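Notes follow the structure.
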Amino acid sequence: MGNCFSNSGHGQFAVGGSSHLPNSHGPNEAVDGFFKSRGYNGLSYQIELSLSASKLRDRDVLSKSDPMAIVYIKGKDGSLLELGRTEVVLNSLDPHWIKKIKVTYCFETVQTLLFRVYDVDSHIDDPETKTLKLDDQQYLGEATCTLSQIVTDPKRSWTTNLVAIANSAEPTNSNKLGQLTVHAEVEIVSKTTAELTFKCSDLDNKDFFSKSDPFLVISKHAVSGATIPICRTEVLKNNLKPEWKPINLNISQIGSKDSPLIIECFNFNSSGKHDLLGKVEKSLAELEQLYSSEQGENLFLPVIVGKDHQTKVLKSQLFVEKYSESIHHTFLDYFFGGCEMNFMVAIDFTASNGNPRLPDSLHYIDYSGRPNAYQKAIQDVGGVLQFYDHDKQFPAWGFGARPIDGPVSHCFNLNGSSGTVSTVAGIQGIMTAYEQALSNVSLAGPTLFGPVITCAASIASQSVAANEHKYFVLLIITDGVITDLQETMDALVKASDLPLSILIVGVGGADFKEMEILDADKGEKLKSTTGRVASRDIVQFVPFRDVQGEEMSVVQSLLAELPSQFLTYMRNNGIQPKTQSSTT
């Protein structure tokens, strides 16, 4: 929510940022529900952390460092779980990062946070920060504190010197590494979002051989009195009368419509020293009035005359060309209105899993009670999603095996039925059907995803035709490299228009690079053989081996994108939550 940009690239100013729908990255209610289902009901709040730094080391030869910050939370065993990364700010030793890092503050838990700052290779062309390999970046320093240290401060702010990693070759004098400041704010969720289009007139020209390259920065006042940036526009080259693309501001980012906003207009410089062309201070309500009146507001510059701080009113003006408000419903709004999320599962029975009767098989059933990777994925993911399914009748399939006296099937009913009824009752029903199937089929191959995705998509399509208020989630658990990649991509492109998300868990030690292609997290949308592009990302892939040993991490990793995928489908199709009265 604190990571708002206009709907275009902003690579000249920072790399690694992104523009999201409001509330799409709010509290993950699905994960919260999982904790509560296991008896965890502690006092907790969603906290947003805003980061800034000063006097960082300059690690670049011909320019300044391009810093990015990463926030981790420490486990009791000393392990680190990454909470998030800021964007990269180019050519700055005093960065104010816009992207906010979210963490759930639990009253009865000591939560130790680790902040690390890196200088990112500026030759990288607008990367997604989550894909950056940290070993390839230059380390600038780190700091550690508890979350309670920040939130219990009267100003909800914490500043400290950056230090070097213990036993490293970095300088030991912390004064040479710079300082880090962290502001904490309790997240206040609002469903109202304002869309604004700004333009300026008669801007001052700061460039010798061309015109100014203006962009806007919108900030708010923190409790400490500092200003925290919440939004930037794109940079418009050689333009003294710019009109920027629309930006979205959620009321939660601001506090209220009457909270003052600082709108600053800068001339972009590649050195990182941007010229202030002027500023105004207006609340969202006052910006709405500017739009209604069709009047401009003169920019001003702060000046010092003697010992007095004064303002110089400029000829330049700021206009609000468009202003509108809309309601963006939350994930839970739909379920309060009776929407269902139906869980489906497809299990890989190919021979590469190994003989189920042998302990080294991925399908080996340990009757001492220790679940194999397939069972654990079903229990953990199903344990969350079952609460959103009213009748708890779950379609369950297998693929890549030969049923008794039959050919290899790439989509057979896990319950043994040869008809159209593929459902089983509850999570235990899936577990029982899975164990029975291991005795009733012969493992074969190859690994094909297309048939099970098509089958799931067919159920979702029938639900749309019946005007049902449902969304479907297919969990695919697999051990191997798929052999129908293009056919799978074709099926996913078609399914992207349906109320369907697909979660893929990779078990075992196979090379899962093709799964990363299906999961469009790196920004490349899937294309079908006809050239059609997926309307949205519906796949989330997690290799089980990467998250073993971290309690809840499989669930959190898989479900991280599910609320936003769900909301994107609903908003793309203009589907509103039903009211309580309409569902009774």
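The values are calculated or read from the model by the stated rules, or taken from the named source; none is laboratory data. Bear in mind the structure is a predicted one, so any value in this text is a computation, not a measurement. FYI the Cβ positions are ideal-geometry reconstructions off the backbone, even for glycines, and counts take in every protein chain you see. When the accessible area is computed, the model is the full protein with side chains, heavy atoms only, and any ligands, DNA or RNA have been set aside. Shrake-Rupley method; radii C 1.70, N 1.55, O 1.52, S 1.80 Å.
What is the number of the single condition among (1) in contact with a helix residue (DSSP H, G or I) (Cβ under 9 Å, 6 or more places away or on another chain); (2) at pLDDT below 90; (3) in a loop (DSSP other than H, G, I, E, B); (4) open to solvent by 30 Å² or more (accessible area, probe 1.4 Å) that Ala510 does not meet? (4) is the only condition that Ala510 fails. Just checking, how many residues over the range 415-430 are surrounded by 15 or more Cβ atoms within 10 Å (Cβ to Cβ) and of a type in the set (A, V, I, L, M)? Looking only at that region, the number is 3.
Condition check ((1) part of a helix (DSSP H, G or I); (2) touching a residue at least 40 places away in the same chain (Cβ under 8 Å); (3) touching a Gly at 6+ places or on another chain (Cβ under 6 Å)) across all residues:
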position: Val303; (1), (2), (3): no, no, no
position: His309; (1), (2), (3): no, no, no
position: His329; (1), (2), (3): no, yes, no
position: Asp333; (1), (2), (3): yes, yes, no
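Looking at Thr488, Thr483, Thr478, just one residue is of a type outside the set (A, V, I, L, M) and open to solvent by 10 Å² or more (accessible area, probe 1.4 Å), and that residue is Thr483. The test for being buried (at least 20 other Cβ atoms within 10 Å of the Cβ) and assigned to a helix (DSSP H, G or I) does not hold for Val473. Considering only residues that are touching a residue at least 40 places away in the same chain (Cβ under 8 Å) and among the aliphatic types (A, V, I, L, M), look in the range 62-88 and name the one that is farthest from Thr112 (Cα to Cα). Across the range 62-88, the extreme among qualifying residues is Val88. Being of a type in the set (Asp, Glu) and over 30 Å from Phe336 (Cα atoms) is the requirement here; does Asp405 meet it? When the stated conditions are applied, Asp405 passes them.
Answer yes or no: is there a residue in the range 370-381 that is touching an Asp or Glu at 6+ places or on another chain (Cβ under 6 Å), closer than 23 Å to Gly506 by Cα and in contact (Cβ under 8 Å) with a residue 12 or more places away in the chain. Within the range 370-381 (the criterion being touching an Asp or Glu at 6+ places or on another chain (Cβ under 6 Å), closer than 23 Å to Gly506 by Cα and in contact (Cβ under 8 Å) with a residue 12 or more places away in the chain), the answer is no, since none of the residues qualifies. Determine whether Gln462 is of a type outside the set (Asp, Glu), open to solvent by 10 Å² or more (accessible area, probe 1.4 Å) and at pLDDT 90 or above. Here the answer is yes, as Gln462 does meet what is asked.
Scanning the range 481-522 for residues that are among the polar types (S, T, N, Q) and under 30 Å from Gln576 (Cα atoms) returns Ser496, Ser501. Among the residues of the range 228-269, not one is surrounded by fewer than 17 Cβ atoms within 10 Å (Cβ to Cβ), of a type in the set (S, T, N, Q) and assigned to a strand (DSSP E or B).
Of the numbered criteria (1) over 23 Å from Thr181 (Cα atoms); (2) in a helix (DSSP H, G or I); (3) at pLDDT below 85; (4) out of contact with any Phe, Trp or Tyr (no Cβ under 8 Å at 6 or more places or on another chain), the one Lys130 fails is (1).
Residue check: is Ala437 over 23 Å from Ser501 (Cβ atoms) and open to solvent by less than 60 Å² (accessible area, probe 1.4 Å)? Yes.
Taken together, the residues in the range 329-364 that are open to solvent by 20 Å² or more (accessible area, probe 1.4 Å) and more than 30 Å from Thr192 (Cα to Cα) amount to 11. Take the conditions (1) under 26 Å from the mean Cα position of the chain (by Cα); (2) under 14 Å from Ile427 (Cα atoms); (3) not β-branched (Val, Ile, Thr); Phe336 misses just one of them, which is (2). In a residue-by-residue description of the range 69-78, the property of being at pLDDT 95 or above, among the small types (Gly, Ala, Ser) and crowded, with 21+ Cβ neighbours inside 10 Å applies to at least one position. Can you tell me which residue within the range 270-301, out of those that are open to solvent by less than 40 Å² (accessible area, probe 1.4 Å) and touching a residue at least 40 places away in the same chain (Cβ under 8 Å), is farthest from Val320 (Cα to Cα)? Filtering the range 270-301 for residues that are open to solvent by less than 40 Å² (accessible area, probe 1.4 Å) and touching a residue at least 40 places away in the same chain (Cβ under 8 Å), the one farthest from Val320 (Cα to Cα) comes out as Gly272.
Here is a yes/no grid of residues against (1) modelled with pLDDT of 90 or more; (2) assigned to a strand (DSSP E or B); (3) buried (at least 20 other Cβ atoms within 10 Å of the Cβ):
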| site | (1), (2), (3) |
| --- | --- |
| Ile98 | yes, no, yes |
| Val117 | yes, yes, yes |
| Gly141 | yes, yes, yes |
| Cys145 | yes, yes, no |
| Asn175 | no, no, no |
| Thr193 | no, yes, yes |
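In the range 312-327, the residue that is nearest to Ile430 (Cα to Cα) out of those that are open to solvent by less than 30 Å² (accessible area, probe 1.4 Å) and in contact with a Lys or Arg (Cβ under 9 Å, 6 or more places away or on another chain) is Val320.
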